[in-house]
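Beneath this line is the structure, given in structure tokens, with notes to follow.
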Amino acid sequence: MKINNKLVVFALGTLACLQLQSCDEEFLTTKPSGSIQIQDAIVDEASLEIATLGMYSGMQSATTFGANFFTHHALLTDNGYVSVNNSNRFTDVNNYTHAIVDGGTVSGIWSSLYGTLLDVNNVISFEGTVVDEDAVSGNPDNRFGEAHVVRATILFQLVNWYARPAESGIDPELGVVLPLGVNIGASLPRSSVSDVYNQIILDLETGISLMTDEPGVNRLGPTAAKLLLSRAYLYLEDYPNSRLYAEQVLNNSEGFNLMGQADVIPYYSSEVSPETIFQIEFNSTDNPGSNDAFYATWSLAGTYKQNFATREFYDLMPATDVRKGLYLDNVPASYSDPVVGVDVRKFITPDRDMPHFRMSEAKLNQIESLFYINETLARTELNSWVSTNRDSAYNTNASGSGLLNEILKQRRIELAFEGHRYFDLNRNESDIQKDANCLNNCSLPFSDFRRVFPIPRNEMNTNTSGNFEQNAQY
């Protein structure tokens, strides 16, 4: 049975608003009311469990992990577009006019992630103080381990939306704010990109060391931590370590398995699969709703029926590729776009759990890392995985840059509409070229300042830590 996280943590949310001066203030400048001390919130293992569930409630936000991250990765790149027949939702993202310092997408992501980070840091602040109780399942170390992995997951998103890629050499000192305590009333400077990644890696390693079991796919466990380590090292271009952790996930993860060809279509209509390592949990009463769920704008079955996969993306997949069945070429002629798009059928109900870590990413991380270590082995692994698990007719003899492009194409197809494409283009310093349905800002070189979000104006105005520098050209 699913736990309704929002109902479970309602009391905690109320307590948080009492503890803080205003629930609407910027996270990094919020001050306590003095009536209730935040350090009194966790008093035993039972309250620790409730606070741990509260972290996931924060991650359910449609603004971030619950829906919109998937949308932004598609619309900011060449995978998707907003039809000219639209409800005005996400048109700013589609047109690259979203990157403004006042409100909107940029401010919503910042506030949501840092608000959840406050809850996470509160949990971690009690590490080592909670006694294991026989009446409560699990143990405190597992819960604190989860908190470290959640923190790493949030920091990873922050540093990739609001800072330039780690290995680009562009503005390496302009990472994000790195609060590691509750820090109520504190103004903290931007840490360097490398410092943020070091903390991500430390939190993931700490989480793995603390956790002795998997908490289930609706919570972050040691396998998810290893997969995120693989991803982080891939972004850092540390290919031996990226391969190491990818292969730990692939070879030493009891209960998880790569899905085969026959599993691909059913996977997206089910919420129980050994392919999934971690997903954001929703149920019929605890979900973004018919207006804000991913499907609301992406499916012809949704409320707004306006966002589609590009024809260029759809044509990447041959008819023999089972993944092509996740997209339906049935958009009505009444849509007056220059090129008819394709209906996305991955997530078509508001209560579908949203997968963020799955086994196939580990395989793709392994293959991409192998390209830089042993090109022949990378090609062998790519041919084996695609032909066995996705397209029986697949075979490539590509080498050099042609092989790397093929690996990245398979990554694009496999992880489409699941929160990867924008970061993948950024870390590879690739230009963005949108298709014929794009009307504004259709060609975005990697050097364009809009390829990184600005720090919200509220943060710039209220942060008193010193030389709090804005990203270039904002």
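Of all residues in segment 283-312, count the ones that are surrounded by 22 or more Cβ atoms within 10 Å (Cβ to Cβ) and β-branched (Val, Ile, Thr). Going through segment 283-312 one residue at a time, the tally reaches 2.
The set of residues in segment 409-442 that are closer than 21 Å to THR71 by Cβ, not aromatic (Phe, Trp, Tyr) and not in a loop (DSSP other than H, G, I, E, B) comprises ARG411, ARG412, ILE413, GLU414, ARG421, ASP424, LEU425, ASN426, ARG427, ILE432, GLN433.
Looking across segment 175-195, the residues that are crowded, with 23+ Cβ neighbours inside 10 Å and of a type outside the set (Lys, Arg) come down to GLY175, VAL176, VAL177, VAL193. For ALA152, the test of being more than 15 Å from PHE69 (Cα to Cα), of a type in the set (A, V, I, L, M) and in a helix (DSSP H, G or I) is passed. Listed here are the helices (runs of 4 or more DSSP H) enclosed by segment 178-269 that have at least 1 residues being over 27 Å from ILE367 (Cβ atoms), of a type outside the set (Phe, Trp, Tyr) and touching a His at 6+ places or on another chain (Cβ under 9 Å): 193-210. For segment 100-117, filtered to residues that are aliphatic (A, V, I, L, M) and buried (at least 21 other Cβ atoms within 10 Å of the Cβ), the residue that is farthest from LEU53 (Cα to Cα) is VAL106.
Could you check, for segment 349-372, whether at least one of its residues is in a helix (DSSP H, G or I) and surrounded by fewer than 18 Cβ atoms within 10 Å (Cβ to Cβ)? It would help to see each step written out before you state the result.
Step one: of segment 349-372, the residues in a helix (DSSP H, G or I) are 359-372.
Checking the rest, the ones that are also surrounded by fewer than 18 Cβ atoms within 10 Å (Cβ to Cβ) come to 372.
Yes: segment 349-372 contains one or more residues that are in a helix (DSSP H, G or I) and surrounded by fewer than 18 Cβ atoms within 10 Å (Cβ to Cβ).
If you check ASN198, ASN241, ASN251 for being of a type outside the set (A, V, I, L, M, F, W, C), under 27 Å from ASN428 (Cα atoms) and free of Cβ contacts under 8 Å to residues at least 12 places away in the same chain, only one passes: ASN198. Filtering segment 76-93 to residues that are free of Cβ contacts under 8 Å to residues at least 60 places away in the same chain and not in a loop (DSSP other than H, G, I, E, B) leaves THR91, ASP92, VAL93. Tell me yes or no: at least one residue of segment 125-148 is β-branched (Val, Ile, Thr), in a helix (DSSP H, G or I) and crowded, with 16+ Cβ neighbours inside 10 Å. Within segment 125-148, none of the residues are β-branched (Val, Ile, Thr), in a helix (DSSP H, G or I) and crowded, with 16+ Cβ neighbours inside 10 Å. Condition check for ILE208 on (1) crowded, with 19+ Cβ neighbours inside 10 Å; (2) of a type in the set (A, V, I, L, M, F, W, C); (3) within 29 Å of PHE446 (Cα to Cα): one failure, at (3). Only one entry in GLU429, GLU361 is in contact (Cβ under 8 Å) with a residue 40 or more places away in the chain, under 30 Å from ARG219 (Cβ atoms) and acidic (Asp, Glu), namely GLU361.
Quick check: anything in segment 138-150 at pLDDT below 95 and β-branched (Val, Ile, Thr)? No, segment 138-150 contains no residue that is at pLDDT below 95 and β-branched (Val, Ile, Thr).
Exactly one residue among GLU459, GLU429 is closer than 23 Å to ASN94 by Cβ and out of contact with any helix residue (DSSP H, G or I) (no Cβ under 6 Å at 6 or more places or on another chain), and that residue is GLU429.
Filtering segment 322-338 to residues that are among the hydrophobic types (A, V, I, L, M, F, W, C) and at pLDDT 95 or above leaves VAL322, LEU326, LEU328, VAL331.
For segment 304-341, a residue qualifies if it is hydroxyl-bearing (Ser, Thr, Tyr) and either out of contact with any strand residue (DSSP E or B) (no Cβ under 8 Å at 6 or more places or on another chain) or assigned to a loop (DSSP other than H, G, I, E, B) (or both), and the qualifying residues are TYR304, THR310, THR320, SER334, TYR335, SER336.
The values are calculated or read from the model by the stated rules, or taken from the named source; none is laboratory data. Note that the coordinates shown come from a computational prediction; the quantities given were computed from them, not determined experimentally. No Cβ is skipped: glycine too gets one built from the backbone with ideal geometry, and neighbour counts run over all protein chains shown.
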